[in-house]
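> My structure is below; once you've seen it, I'll send some questions.
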Amino acid sequence: MKKLIPETFTEYQFISSPLLSPDGQYTAFVAQTMDMENNCYIGKLYVIDTKGGTPRQMSEKDIKHFIWTPDGTLMYSQPAGEKDAPKMAYFTIDPATGAESCAQTISTMGGLPTFTEDGRWIIPGQVILQEKNPRYTEIRELPYWSDGRGFTCGKRNALYLVNPERDEAELITPRHFQVMGTDYQDGTLLYIGNEYTDCVEFRKGVYIYDVKTGQTSCVVQPGIFDIFHANLLDKDTAIIRGAKKEDSAYSEGFFYRVDLKDGACTKISDYDKKSEFCCIVGDVMLGLGQPNKAHDGKLYFVTVDGEYSYIRSIDRDGNLSPALTMDGVTNFFDINDHGLVFYGYRGDRLGELYVLEQDGAERELTRLNDAVLEQYHIAERIPISFTDADDVEIRGWVMPPAGYEPGKKYPAILNIHGGPRGTWGAEFNHEMQVWANAGYFVLFCNPRGSAGRGDAFADLNLGMGNVDYDNFMAFVDHCLAKWPDIDEKRLGVAGGSYGGYMVNWIIGHTDRFAAASSQRSISNWVSMDGLSDMGYYANGLQFGGFLDTHAEHLWDISPLKYAHNAVTPTIFLQSEGDYRCPMEQALQMYAVLKRKGVESKVILFKGESHGLSREGQPQNRLTRMHEILDWMNRHLQ
């Protein structure tokens with residue numbers, strides 16, 4: 001079989017957005033492929049009969065987002081009009097015949113609509129509060145930028161009620177309101193977010209807009225919950241998932257029932273595993289879908305439990321039920337009266353679409369990537385676990401190198417996930433397969449602080465850099481004992497985001513690694529305070545305090561404080577447009593290592609954000625993988 005290499009990922013098809021037609025006959029989805037010549041992704045809209053068959057491409061256009069209309073046609077939108085008079089054109093496609101037409105053109109620039117019962121549309125758009133100056137950027141709000149969006153000063157995500165026939169639009173959220181999520185049912189629009197003019201309160205409010213009367217009411221006041229999602233069970237009831245001020249800073253929140261008539265908020269479950277989205281770390285998912293949806297009096301949601309993710313449901317009284325029971329990774333889904341479809345990973349395969357049968361069995365709906373992986377060696381993931389000093393089980397995996405021969409020594413790479421409330425799980429990972437195919441043992445585990453095992457496990461309790469570091473070092477020791485063919489003199493370590501933080505921390509605390517790759521990293525919590533798009537509140541919540549009150553503590557848990565101890569050759573990879581972990585974090589570490597004469601270099605990617613390894617431009621993603629692999633080869637092979 002062929003060895004899997006960085007370029008192999010250009011052959012994958014990335015599936016997203018599975019949506020059932022209103023009658024359940026069809027499942028529509030987007031499949032994206034890489035256009036390496038133009039350095040972009042091309043999305044194609046497909047429809048497949050939900051009972052089975054071959055996917056049919058619906059349009060030659062690049063389509064990445066779509067919806068079903070109430071009458072069972074597909075709809076997507078594209079910008080239209082002139083530069084000085086922009087418009088949005090909305091196109092429809094008949095799923096049976098593929099016939100395509102322009103259904104409507106409106107002057108309001110926005111996204112795809114939610115349809116009201118009286119023929120109007122609710123569309124997401126923007127409000128611009130201050131004019132953009134070509135010579136300078138005026139900052140008078142906090143936060144002032146957002147990763148992947150750039151400077152956000154004077155901009156708000158908003159909602160408009162549109163009469164498409166008359167091309168009339170009414171702003172239905174306050175001008176200074178930032179919309180962070182919506183749901184709609186039977187004339188009731190629920191939205192979450194905050195109104196602000198100076199500094200946003202990250203604990204959001206929940207609001208109800210009555211389409212018939214045009215009246216808005218606040219049912220959950222801002223400042224109480226950090227709300228992860230809110231869904232309408234019916235016109236009188238919502239379920240929210242949120243964490244209160246008194247909850248742990250690392251809490252995934254709990255489920256609450258909200259009476260929309262009087263705002264009464266009742267906790268209905270102590271379930272403490274993530275339900276906002278699947279946080280199992282991977283690099284072969286592109287595009288999004290629904291991680292939660294209310295249906296037939298229940299809220300269905302994707303949740304991470306250990307190394308797997310499932311779909312579960314909760315009713316108004318807090319009763320939890322499993323919808324999917326097979327081990328694997330599920331990212332998003334759709335459900336209606338006619339069935340449930342989902343996107344997920346099973347075994348050592350790339351993501352595909354599946355249908356949940358009435359008897360609970362899963363039926364594969366697509367096989368777009370099977371022919372690709374059948375050509376390549378896929379390294380086995382072998383579970384390995386140990387008990388840490390606090391008598392807590394730490395779980396991980398070892399992937400032996402391609403062509404592994406017992407008795408022969410091999411280098412190894414320890415890979416550290418982001419978060420820290422991410423988690424490694426049962427999901428195909430292209431880059432780690434590349435390393436195994438290149439002759440490395442690949443080691444990875446979920447230390448304390450990871451998601452999937454409840455709030456107590458995730459809560460580092462100001463122990464970042466201590467309990468997690470101890471877990472990683474003990475895990476490496478355990479792997480060396482179980483796999484004596486790992487050469488302890490040829491160990492590498494790699495990680496991004498929180499993983500980059502840990503790489504920076506590790507090289508300042510041990511010399512056991514012969515090479516390191518620190519990506520989109522954190523080195524200095526002092527300078528992160530107020531600079532990161534999360535730093536204006538996250539430092540105080542999760543990392544022990546703010547610069548003006550806890551500078552000494554923030555410095556104590558900063559890898560930069562210990563960088564003078566480092567001797568490990570290190571490559572830093574950072575994006576110039578990363579506003580989550582800005583590039584100065586890597587440059588500060590690099591400067592210390594260079595002054596000490598430690599071999600190191602920095603790769604700064606232009607036009608990229610924090611998510612380079614997952615949704616960055618194809619050419620940059622390929623360069624990133626080659627830079628890391630070349631660095632490891634030079635120092636470990």
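The values are calculated or read from the model by the stated rules, or taken from the named source; none is laboratory data. Since the model is a prediction, treat every value here as computed from it, not as a measurement. Here the Cβ is made from the backbone with ideal geometry for all residues, glycine too, and neighbour counts use every protein chain on show.
Yes or no, residue by residue, for (1) in the same structural domain as Glu37 (by TED's automatic domain parsing); (2) surrounded by fewer than 23 Cβ atoms within 10 Å (Cβ to Cβ); (3) in a strand (DSSP E or B):
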residue: Asp578; (1), (2), (3): no, no, no
residue: Val602; (1), (2), (3): no, yes, yes
residue: Ser609; (1), (2), (3): no, yes, no
residue: Ser613; (1), (2), (3): no, no, no
residue: Leu629; (1), (2), (3): no, yes, no
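> Which members of segment 230-243 meet the condition of being at pLDDT below 95 and closer than 18 Å to Val200 by Cβ?
Hits for segment 230-243 are Gly242, Ala243.
> Name the pairs: first residue in segment 64-93 and in contact (Cβ under 8 Å) with a residue 40 or more places away in the chain, second residue loosely packed, with under 13 Cβ neighbours inside 10 Å and among the hydroxyl-bearing types (Ser, Thr, Tyr), Cβ to Cβ under 9 Å, at least 6 apart or on different chains?
The qualifying pairs are Ile93/Ser101.
> Another question, then. Six or more apart or on different chains, Cβ atoms under 9 Å: show the pairs whose first residue is in segment 251-266 and in the same structural domain as Tyr191 (by TED's automatic domain parsing) and whose second is in a loop (DSSP other than H, G, I, E, B) and of a type in the set (Val, Ile, Thr).
Cys265/Ile224
> Does Thr423 fit the bill of being in the same structural domain as Ser518 (by TED's automatic domain parsing), closer than 29 Å to Arg580 by Cβ and touching a Ser or Thr at 6+ places or on another chain (Cβ under 6 Å)?
Working: in the same structural domain as Ser518 (by TED's automatic domain parsing): yes; closer than 29 Å to Arg580 by Cβ: yes; touching a Ser or Thr at 6+ places or on another chain (Cβ under 6 Å): yes.
Here the answer is yes, as Thr423 does meet what is asked.
> Still on this structure: So, of the residues in segment 255-275 that are assigned to a strand (DSSP E or B) and of a type in the set (Ser, Thr, Tyr), which turns out to be nearest to Gly242 (Cα to Cα)?
Here the answer is Tyr256.
> Another question, then. Can you confirm whether Ser101 is among the small types (Gly, Ala, Ser), surrounded by 14 or more Cβ atoms within 10 Å (Cβ to Cβ) and in the same structural domain as Gly187 (by TED's automatic domain parsing)?
Against the criterion (among the small types (Gly, Ala, Ser), surrounded by 14 or more Cβ atoms within 10 Å (Cβ to Cβ) and in the same structural domain as Gly187 (by TED's automatic domain parsing)), Ser101 does not qualify.
> On to the next question. Of all residues in segment 217-230, count the ones that are among the polar types (S, T, N, Q) and buried (at least 22 other Cβ atoms within 10 Å of the Cβ). First the steps, then the outcome.
Step one: list which residues in segment 217-230 are among the polar types (S, T, N, Q), which gives 217, 221.
Narrowing the set further to residues that are buried (at least 22 other Cβ atoms within 10 Å of the Cβ) leaves none.
Total meeting the criteria: 0.
> How about segment 106-122: which of its residues are of a type outside the set (Gly, Ala, Ser) and in contact (Cβ under 8 Å) with a residue 40 or more places away in the chain?
Within segment 106-122, Ile106, Thr108, Leu112, Pro113, Thr114, Phe115, Thr116, Glu117, Asp118, Arg120, Trp121, Ile122 meet the criteria.
> Continuing with this model, one more query. Within segment 149-162, does at least one residue satisfy the condition of being closer than 30 Å to Asp529 by Cβ, at pLDDT below 95 and among the β-branched types (Val, Ile, Thr)?
Yes, segment 149-162 contains a residue that is closer than 30 Å to Asp529 by Cβ, at pLDDT below 95 and among the β-branched types (Val, Ile, Thr).
> Here are some residues: Ala586, Ala551. Which one is more than 30 Å from Glu246 (Cα to Cα) and part of a helix (DSSP H, G or I)? Even if it seems obvious, please write down each step before you answer.
Working: Ala551 fails: more than 30 Å from Glu246 (Cα to Cα).
Result of the check over Ala586, Ala551: Ala586.
> Could you please let me know if Asp548 is within 23 Å of the chain's Cα centre (by Cα) and surrounded by fewer than 24 Cβ atoms within 10 Å (Cβ to Cβ)? Explain how you work it out, then say what you get.
On the way: within 23 Å of the chain's Cα centre (by Cα): no; surrounded by fewer than 24 Cβ atoms within 10 Å (Cβ to Cβ): yes.
In short, no.
> Still on this structure: Might you check whether a residue that is of a type outside the set (Asp, Glu), out of contact with any helix residue (DSSP H, G or I) (no Cβ under 9 Å at 6 or more places or on another chain) and modelled with pLDDT of 95 or more occurs anywhere in segment 593-608?
Scanning segment 593-608 turns up at least one residue that is of a type outside the set (Asp, Glu), out of contact with any helix residue (DSSP H, G or I) (no Cβ under 9 Å at 6 or more places or on another chain) and modelled with pLDDT of 95 or more.
> Checking the structure you have, find out if any residue of segment 332-345 is out of contact with any Asp or Glu (no Cβ under 8 Å at 6 or more places or on another chain), crowded, with 20+ Cβ neighbours inside 10 Å, among the polar types (S, T, N, Q) and under 30 Å from Val258 (Cβ atoms).
no
> Only one of Val467, Val493 is crowded, with 17+ Cβ neighbours inside 10 Å, within 29 Å of Arg614 (Cβ to Cβ), out of contact with any strand residue (DSSP E or B) (no Cβ under 6 Å at 6 or more places or on another chain) and among the aliphatic types (A, V, I, L, M). Can you tell me which?
Val467
> Could you tell me which of the residues Gly403, Gly351 is without any contact (Cβ under 8 Å) to a residue 60 or more places away in the chain, of a type in the set (Gly, Ala, Ser) and more than 22 Å from His478 (Cα to Cα)?
Every option except Gly403 fails the conditions.
> In the set Glu246, Glu252, which member is assigned to a loop (DSSP other than H, G, I, E, B), crowded, with 19+ Cβ neighbours inside 10 Å and at negative phi?
Glu252
> How about segment 485-506: which of its residues are closer than 15 Å to Asp468 by Cβ and out of contact with any Lys or Arg (no Cβ under 6 Å at 6 or more places or on another chain)?
Across segment 485-506, the qualifying residues are Val493, Gly495, Tyr498, Gly499, Tyr501, Met502, Val503, Asn504, Trp505, Ile506.
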